[in-house]
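Asks: The structure follows.
Readers should treat all values here as calculations from the given coordinates under stated rules, not as data from a laboratory. Computed from a predicted model, the values in this text were never measured in an experiment. Neighbour counts are summed over all protein chains in view; Cβ atoms, including those assigned to glycine, are modelled from backbone coordinates with ideal geometry.
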Amino acid sequence: MQCLRRVKLACAAALALVHLAAAPPAVAQGSATLDAVKARGAVRCGVSTGFPGFAAPDSRGEWRGLDVDACRAVAAAALGDAAKVQYVPLTAVQRLPALTSGEVDMLARNTTWSLGRATTQGVNFVVINYYDGTGLMVPRPSNVTRLEQLNGSTICIQPGTETGLAVQDAFRRRNARFTPLMIEQADQLAAAYFAGRCDALASDQTQLAGFRSRAPNAAEHVILPELVSKEPLSVAVRYGDDRWANIVRWSVWALIEAEELGLASGNVVAARESQEPAVQRFLGRTGDLGQGLGLDNAWAARIVEQVGNYAESFERNVVPLGIARGPNRLWRDGGLLIAPPFR
């Protein structure tokens with residue numbers, strides 16, 4: 001009898017372990033960052049010091065751009081108002097320390113998601129909002145059309161970025177050399193190039209287009225067609241707050257999903273009467289998708305109503321630079337942009 005009893009106890013213990021192993025992990029219920037954002041009444045968003053098309057003040061001093069719209073989307077979801085953002089301009093050197101120290105709640109500043117940054121900097125990259133690549137811009141009179149022709153040249157590069165490494169790798173593959181001229185402030189970097197202090201300017205191709213758009217003689221500068229690296233630009237938060245990371249991540253994905261569903265700022269209110277199940281879930285008319293984020297169910301609808309969808313953001317901010325969507329088209333259109341299902 002004692003033996004049988006021991007067997008039963010052992011079986012019960014084994015079953016308890018099985019049930020424990022099978023139980024889903026506990027979901028974090030709170031967010032210190034969200035609490036701080038609500039108490040402050042604004043999202044502190046780290047942005048570029050001036051990157052046309054992505055983050056730059058307009059003639060009235062209002063911030064505009066694709067990255068700015070990521071900040072606005074989070075504010076619309078978390079605070080109900082896309083205007084409740086405090087923009088913090090940061091150089092490439094300043095951006096990651098500002099995020100990890102808590103100076104900003106999120107970073108939407110044309111920052112490449114890389115292994116080194118993701119594993120050693122205390123930064124949690126949450127969603128790619130633009131696929132870019134490193135390129136070079138040269139004066140048209142130089143007649144440079146290929147990177148090999150820049151052997152022995154001086155190239156303007158911004159420190160704190162991965163541009164220098166990308167250019168260095170490209171030159172090594174061609175047994176060529178160059179001298180870097182490192183300047184931290186983006187406007188000073190561009191000014192040095194336009195003043196002839198370097199033979200070429202290296203940066204993400206979109207940033208080169210932005211620099212050129214502000215030049216008094218834009219037609220006199222050529223962006224070489226060759227990309228020397230891949231640069232997936234990602235929105236980021238700091239480690240340790242999974243709930244906030246999910247709010248930021250899904251807010252940006254909402255811009256992409258809205259485009260796929262055909263929802264835009266001009267039709268999202270009328271779409272509440274749609275009978276399409278995916279639209280009803282997205283708008284919070286059915287289901288309870290806000291609960292896991294710690295938000296109400298209309299969070300995604302607010303984003304589209306106040307910010308628009310990804311296509312609207314791209315068209316008003318990036319298209320004026322003369323840049324086609326390319327890889328930043330939706331997946332169904334042959335691009336790389338895709339949002340997980342909102343269900």
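Asks: Provide the per-residue ³J(HN,Hα) series for the stretch 148-156, in order, calculated from phi with Karplus coefficients 6.51, -1.76, 1.60 and θ = phi - 60°, each as a whole number of Hz, with x at glycine and proline positions.
Replies: Whole-Hz 3J(HN,Hα) from phi for the stretch 148-156: 4, 6, 8, 4, x, 8, 9, 10, 6.
Asks: If you take every residue apart from Ala42 with its C-beta less than 12 Å away from the C-beta of Ala42, what net charge results, scoring Lys and Arg +1 and Asp and Glu -1?
Replies: The answer is +3.
Asks: With axes computed from alpha carbons, what is the tilt in degrees of helix 66-79 against the longest principal axis of the chain, rounded to the nearest 10 within 0 to 90?
Replies: The answer is roughly 30 degrees.
Asks: Using the Karplus curve 6.51 cos²θ - 1.76 cosθ + 1.60 with θ = phi - 60°, what ³J(HN,Hα) values do you get for each residue of the stretch 118-126, in whole Hz, with x for Gly and Pro?
Replies: 6, 10, 10, 9, x, 10, 10, 6, 10
Asks: For the stretch 121-200, what class follows from the C-alpha gyration tensor (a ≥ b ≥ c being the square roots of its eigenvalues): rounded when a/c is under 1.5, otherwise prolate if a/b is larger than b/c, else oblate?
Replies: prolate
Asks: Put one equal scatterer on each alpha carbon of the stretch 173-296, apply the Debye formula with no solvent term, and list log10 I(q)/I(0) at q = 0.12 1/Å to two decimals.
Replies: Reported log10 I(q)/I(0), two decimals: -0.75.
Asks: Name the residue from Ala339, Ser203, Tyr239 whose Cα lies farthest towards the positive end of the charge dipole of the chain, charges +1 on Cβ of Lys and Arg and -1 on Cβ of Asp and Glu.
Replies: Result: Tyr239.
Asks: While we're looking at this one, here's another question. Which angle from 0 to 90°, rounded to the nearest 10, does the C-alpha axis of helix 163-173 make with the longest principal axis of the chain?
Replies: 70
Asks: At a temperature of 10 °C and a viscosity of 1.306 mPa s, determine how fast the stretch 60-215 diffuses translationally according to Stokes-Einstein, using the Kirkwood radius over alpha-carbon pairs as Rh; express D in µm²/s, rounded to the nearest whole number.
Replies: Reported coefficient: 92 µm²/s.
Asks: Let me ask something else about it. Taking each pair of distinct Cα atoms in the stretch 272-325 once, what is the resulting Kirkwood hydrodynamic radius in Å?
Replies: 12.7
Asks: Which ³J(HN,Hα) values, rounded to whole Hz and listed in residue order, are derived for the stretch 181-189 from phi using the Karplus coefficients 6.51, -1.76 and 1.60 in 6.51 cos²θ - 1.76 cosθ + 1.60 with θ = phi - 60°, glycine and proline given as x?
Replies: 10, 8, 9, 6, 6, 4, 5, 6, 4
Asks: Taking loop as defined by DSSP and a crowding limit of 14 other beta carbons within 10 Å, which chymotrypsin sites (Phe, Trp or Tyr not before Pro) in the stretch 195-245 fit?
Replies: Loop-located and lightly packed - Tyr239.
Asks: Still on this structure, I have one more. Using a cut-off of under 19 Å, list every residue of the stretch 76-96 whose amide N is near the label point 7 Å from the Cα of Asp296 along the Cα-to-beta-carbon line.
Replies: 76-85
Asks: OK, next. Sorted by packing (mean other beta-carbon atoms within 10 Å per residue), highest first, where do 75-82, 184-191, 268-275 land? Don't jump to the answer; show the numbers that get you there.
Replies: On the way: 75-82: 21.8, 184-191: 17.4, 268-275: 13.9.
Highest mean packing first, the order is 75-82, 184-191, 268-275.
Asks: Using only Cα atoms, find the angle between the long axis of helix 2-22 and the longest principal axis of the chain, and express it within 0 to 90 degrees, rounded to the nearest 10.
Replies: Value to nearest ten degrees: 30.
Asks: So, one more: Between the stretch 87-163 and the stretch 181-256, how many Å separate their Cα centres?
Replies: Cα centroid of the stretch 87-163 versus Cα centroid of the stretch 181-256: 6 Å apart.
Asks: If you average 1/r over every pair of different alpha-carbon atoms in the chain and take one over that average, what Kirkwood value in Å do you get?
Replies: For the chain, the Kirkwood estimate is 22.0 Å.
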